[in-house]
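Before any comments, here is the structure.
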Amino acid sequence: MVLTASTMLPLGTKAPAFALTDVTTGQTVTLQNFSGKKGLLVMFICCHCPYVKHIQEALSRLGKDYESSELGIVAISSNDVENYPDDSPDKLKDMARAMQFKFPVLFDETQAVAQAYTAACTPDFFLFDADFRLVYRGQLDDSRPGNSLPVTGKDLRGAIDAVLIDQAVPVDQKPSIGCNIKWKPGNEPRY
C-alpha cells in the first residue's frame, strides 16, 4: 500500500466523458446519464483498500441520503484486476450489493477514465455542478483508519449541499488520501 493524495484537479475543469459498464446491472452508464441534475459526484473506489473499507458505510449512507435529490452519484473502480483480483467486477458487485449502494458502480478496465480525471487514490472524490464543472475535489472528512475520528462525511456533504442549493462551494479543500490506484504496467500516469 502506497499512501497517496489526490491530485487536486483545477476547479472549473469540465467533467471528462465516460461510458463504462455497471457491475451490478451490466448496463453502460455515461456522463450524459446525469444531464439535468444539479450536481454529479464521481468517486474512485475499490474493494481491497483499507481507506475505502473505512468509509464504505458512509458511502452507502450518502447514496441513500441523496437518492431522491438532484445529485447524481457514480462510483468507478480502475484498479488492475490482473494483479489485484480482489477488485474484479464480481467482487465490486458483491461489495455494491452487501453495502446496498444506491448508485452505479462502474469498472474502468482500460484505466482511461481514471487518467482523464487525474484520479490518484482510493477513495478520490470529484463533485461537478449542473454544467459538469468541477466545484469540489478532496476528502470525505478528516477520518482515516486508525486516527479515531468519526466518519461524518462533513467536507464532501458540505460541498454537495452547497451545490444543491445553488451556493458557491468553498475553495479551501483538503485532498483525499488513500491507497494509490493500482495501475497496469505501462499505464502509470505522469501527473
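Taken together, the values in this text are just the output of simple stated rules run on the coordinates, not laboratory data. Note that the coordinates shown come from a computational prediction; the quantities given were computed from them, not determined experimentally. Every residue, glycine among them, receives a Cβ derived from its backbone with ideal geometry; neighbour counts consider all protein chains shown.
Brief remarks on what is shown
- This ranking places Ser176, Ser148 by how few other beta-carbon atoms lie within 10 Å of each, fewest first, which gives Ser148, Ser176.
- Computed E for Thr30/Thr110 - FRET, C-beta separation, R0 25 angstrom, nearest 0.05: 0.95
- Spin-label pair Asn147-Asp166: with each label point 7 Å from Cα along the Cα-Cβ axis, the two points sit 3.6 nm from one another.
- Derived scalar couplings ³J(HN,Hα) [the range 47-55; Karplus, 6.51 cos²θ - 1.76 cosθ + 1.60; whole Hz; x for Gly, Pro]: 8, 8, 5, x, 6, 6, 4, 4, 10
- Here is the tail figure for the range 30-129: Cα pairs spaced more than 24 Å apart come to 17 percent of all pairs.
- Here the gap between Leu3 and Arg97, fully extended at 0.36 nm per residue and compared with their Cα-Cα distance, gives a gain of 31.1 nm.
- Taken over the C-alpha atoms, the chain has Rg and Dmax values of 15.0, 43 angstrom.
- Greater than 18 Å apart at Cα, pairs in Lys14/Lys93; Lys38/Lys174; Lys14/Lys37; Lys14/Lys102; Lys38/Lys93: Lys14/Lys93; Lys38/Lys174; Lys14/Lys102; Lys38/Lys93
- For the range 119-191: rounded, prolate or oblate by the Cα gyration tensor [a/c cutoff 1.5]: oblate
- The separation of the range 66-122 from the range 1-55, counted between C-alpha centres, amounts to 7 Å.
- When the inverse distances between all different Cα atoms of the range 1-73 are averaged and flipped, the Kirkwood radius reads 14.5 angstrom.
- Using the alpha carbons alone, the radius of gyration of the range 2-42 stands to its Kirkwood radius in an Rg to Rh ratio of 1.05.
- Net lengthening on full extension, Lys38/Glu57 (0.36 nm per residue, minus Cα-Cα): 4.4 nm
- Which of Cys49, Cys179 has the fewest Cβ neighbours within 10 Å, and the rest in rising order: Cys179, Cys49
- The chain: most fluctuating residue of Gln56, Gln139, Gln27 per GNM, C-alpha cutoff 10 Å: Gln27
- Karplus-derived 3J(HN,Hα) values for the range 77-90, using 6.51 cos²θ - 1.76 cosθ + 1.60 with θ = phi - 60°, are 10, 10, 5, 5, 7, 5, 8, 9, x, 5, 9, 5, x, 5 Hz; glycine and proline are entered as x.
- The ranking of Asp124, Asp87 from fewest to most other beta carbons within 10 Å of each one's beta carbon is Asp87, Asp124.
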